[in-house]
Amino acid sequence: MNVFITGASGGLGRALAVECAKRGYNLFLTDVDEDGLSSIKRGLERRFNVTTATCVSDLTSPQSVDEMLAVLDKHRLRLDMLLNIAGLDFEGSFIKREREEVVKIATVNNAATLRITHAILSRRKHGSRFFIVFVSSLASMFPIPLKAAYAASKRFILDFSTSLNQELKPLNASVLTLCPGGLATTPDVVKSIEAQGLWGGLTTNPLELVASRTLDKALKGSCIYIPGLLNRVLSIIGKAIPRQWVAALLYKRWSNAQKQWLNLPETIL
Amino acid sequence: MKTVVITGATSGIGFETASLLTEKGYEVIGIGSSAESCSSAEKQLLLRNPSAQVRFYNADLMQLSEVSRIAKVLKEDLEAHCGNLYALINNAGCVRSWYMTTAEGYEQQFSLNFLAAFLLTYELMPMLKKSRGRVIMTGSKSHKGVNVHWDDVMLSKCYNPLLAYKQSKLCDTLFAKGLNDMFAAKGIRAYVVDPGLVKTDIGNRKTGALVNSIWSFRKHFGKAPSEPAKTYAFLCEQQIEPKGFYYHNCRENAYSKVVTSENAARLFKLSERLCGIRYGEVF
Ligand SMILES: NC(=O)c1ccc[n+]([C@@H]2O[C@H](COP(=O)([O-])OP(=O)(O)OC[C@H]3O[C@@H](n4cnc5c(N)ncnc54)[C@H](OP(=O)(O)O)[C@@H]3O)[C@@H](O)[C@H]2O)c1
């Protein structure tokens, strides 16, 4: 099994890479962070008996992606699975963020994801089943003021992947969308979970279980995975209440929580 | 003057140990995770004792690459000063609420509480050798009653934060055992200090609401960190190296039956692979 992972040096990417390595899959990892990429490669190779190839790439740049694809093609690498993990968020209200920061949310979470999905899909192994995982978020279920662009970008992923799943059925490929609540991946995320108190703890999903179940569900051909009972209930409630009400309610909650950890640097979610 | 390196010397047990050792005339090199915590600890120590011989370096010891980097810095520093290392106190530690990983994808408590010490000690071995030095591990009573999960030391199947902590402290104890098995005959000795329950903020840093509130309650029953500091000083002060292994309140104490030479050797093998080193090659 050849697996391609984007955002492989972030918290969720690393956890999934470890999970794949444990299962004996061969890995092709990419990320913008060169040091991070070589660290995770080193860690995996010391721990597991797997082949791990890495390539630094900025998925927002078509040129950079083309260079990476050239490496894949040179080695005639064909893939069985694509894990689209790369994504980011900037905290705070829309107008207070830098203009190019808010644009970057859509460029990375959406445009880059489309680019790499198209590229890897056309390099899938023929004659066997192909699997794609997209990382959306519980945030995709609601309009979320103060996380407006992020939540909308995750909504895009959810809708796109649901449609793509249908399109790809005749091609023997299946698409899973992961919609996690909080995942304690970076110190900043831990801070934001802390700031939300008990609520933060309750909506936080254990990373190691999310990683292994994501692979299980992808292989089974499921189309959506919302980890945690509470998160599943929340997603249903989100559908039942008028969207303006949800927005008003969430605005109140987030503005309180964010006072405690405003001005966070870039966090990979 | 004897030089001692203490990791996690910016607060809690490590800080008080640094304070006591400088008072007793040792030269102390402390390590903390950030430049801010290091400079504030250094200032506080000098405030307590203006003639203290103390300096700090910062490194995120959770990352193995950082351990290697700081080891180089320490070696250069030691070379420039006394040329050897009298004692290495591996004390930096953390508690986590969730399965979180380092850049290598290693579980964080295992990586900081144990693996960092395993690698740092290896790197400083030549310096310890010159002075027939001592390695002191901060252990914990909680290492009793657990075993090493050999097939999944990072507990990546189903994480239990408390178990991860206990196991990391068991590994510290096994590591000290293994060091003695390999190097006691060559003059280097390793010890474990069991500090008991100590009133520090370890459970309140980067942890979730549950662990945070449990620790906030529990730590009130703990003693002051200056208490366990005495045991580290006791182990450093003996002219002839103490014959015991596991110490609590300056006295030998019982430790887990799981701490055997066989398990120690097994842990060495596993950790050598994870760090990319071979202890057998240091002498
Ligand atoms: N408190 C207890 O009851 C108890 C009982 C048994 C054993 N212990 C052990 O005692 C040791 C010290 O803990 P403590 O209670 O004194 O807690 P503490 O006050 O939280 O001290 C922890 C120390 O470790 C350092 N540290 C944390 N993360 C680090 C990192 N990534 N890189 C480098 N240094 C890092 C901290 O430095 P910064 O401040 O710069 O981050 C700090 O100096 C730990 O090994 C703990 O397991 C404690």
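Bear in mind these aren't lab numbers, they're just calculated from the coordinates by the rules spelled out. Computed from a predicted model, the values in this text were never measured in an experiment. Methodologically, a virtual Cβ is constructed for each residue, glycine included, from the backbone with ideal geometry; neighbour enumeration extends over all protein chains shown.
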Proximal lysines to A:Lys96, defined as alpha-carbon separation beneath 23 angstrom and excluding residues fewer than eight positions away on the same chain: A:Lys104, A:Lys147, A:Lys154, A:Lys191, A:Lys252, A:Lys259
The protein assembly as shown: calculated mean residue ellipticity at 222 nm from DSSP helix runs of at least 4, using -39500 (n - 2.57): -15000 deg cm²/dmol
Rounded to whole Hz, the Karplus (6.51, -1.76, 1.60) HN-Hα couplings of the stretch B:136-141, x for glycine and proline: 10, 9, 7, x, 6, 4
Within straight-line cross-link reach of A:Lys125, lysines at Cα separation under 25 Å, skipping those fewer than 8 residues along the same chain: A:Lys22, A:Lys41, A:Lys74, A:Lys169, A:Lys217, A:Lys220
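Using Stokes-Einstein with the Kirkwood hydrodynamic radius over Cα pairs, what translational diffusion coefficient do you get for chain A at 10 °C and a viscosity of 1.306 mPa s, in µm²/s rounded to a whole number?
Stokes-Einstein gives a translational diffusion coefficient of 84 µm²/s.
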Of the DSSP H helices in chain A, those whose Cα atoms cover at least 15 Å axially and whose Kyte score averages -0.5 or more: A:11-22, A:62-74, A:148-168, A:207-220, A:229-240
Inter-chain shielding of A:200-208 (mean C-beta neighbours from other protein chains, 10 Å cut-off): 4
Total formal charge among the other residues, if their Cβ is under 15 angstrom from that of B:Lys177, Lys/Arg +1 and Asp/Glu -1: +3
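Take every DSSP beta bridge with both residues inside chain B and express the antiparallel ones as a percent of the total, to the nearest 5.
10
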Label point distance in nm, B:Asp77-A:Leu114, each placed 7 Å from Cα along Cα→Cβ: 5.3
Gyration tensor (alpha-carbon) shape descriptor, the stretch B:1-88, a/c threshold 1.5: oblate
Highest-fluctuation residue, A:Leu229, A:Leu158, A:Leu83 considered, GNM on chain A with Cα pairs under 10 Å: A:Leu229
Cα gyration tensor shape for chain B, rounded if a/c is under 1.5, else prolate or oblate: rounded
Efficiency of FRET from Cβ geometry, B:Ser51 and A:Asn49, R₀ 56 Å, rounded to 0.05: 0.50
Magnitude of the charge dipole, chain B, Cβ model with Lys/Arg +1 and Asp/Glu -1, debye to 20: 600
Alpha-carbon centroid distance for the pair the stretch B:212-283 / the stretch A:136-157, whole angstrom: 48
Listed pairs B:Lys169/B:Lys257; B:Lys2/B:Lys75; B:Lys177/B:Lys206 exceeding 20 Å between Cα atoms: B:Lys177/B:Lys206
DSSP-assigned coil residues among trypsin sites (Lys or Arg not before Pro) in the stretch B:210-283, each with at most 13 further Cβ atoms within 10 Å: B:Lys243, B:Lys257, B:Arg278
Fully extended contour minus Cα-Cα distance, from B:Glu36 to B:Asn204, at 0.36 nm per residue: 58.6 nm
Under 18 Å from B:Lys223, Cα to Cα: aspartates and glutamates that are on another chain or at least 8 residues apart: B:Glu16, B:Asp194, B:Asp201
Formal net charge of residues neighbouring B:Met125 (Cβ-Cβ distance under 15 Å; K, R +1; D, E -1): +4
Positive-end extreme of charge dipole, the stretch A:165-243 - chosen from A:Ile226, A:Ser212, A:Leu183 (charges on Cβ): A:Ile226
Sparse-neighbourhood loop sites, GluC sites (Glu not before Pro) in the stretch A:91-147 - DSSP loop, at most 13 other Cβ within 10 angstrom: A:Glu98
Positive dipole terminus of the stretch B:8-65, leading residue within B:Gly25, B:Gln44, B:Val54 (C-beta point charges): B:Gly25
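Treat every Asp and Glu Cβ in the protein assembly as shown as -1 and every Lys and Arg Cβ as +1, leave all other atoms uncharged, and give the resulting dipole magnitude about the Cα centre to the nearest 20 debye.
Here the size comes out at about 1280 debye.
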For chain A, built as a Gaussian network whose Cα springs stay under 10 Å, the top-fluctuating residue of A:Ala211, A:Ala139, A:Ala53: A:Ala53
Net charge dipole size for the stretch B:162-283 [Lys, Arg +1 and Asp, Glu -1 on Cβ; Debye, nearest 20]: 360
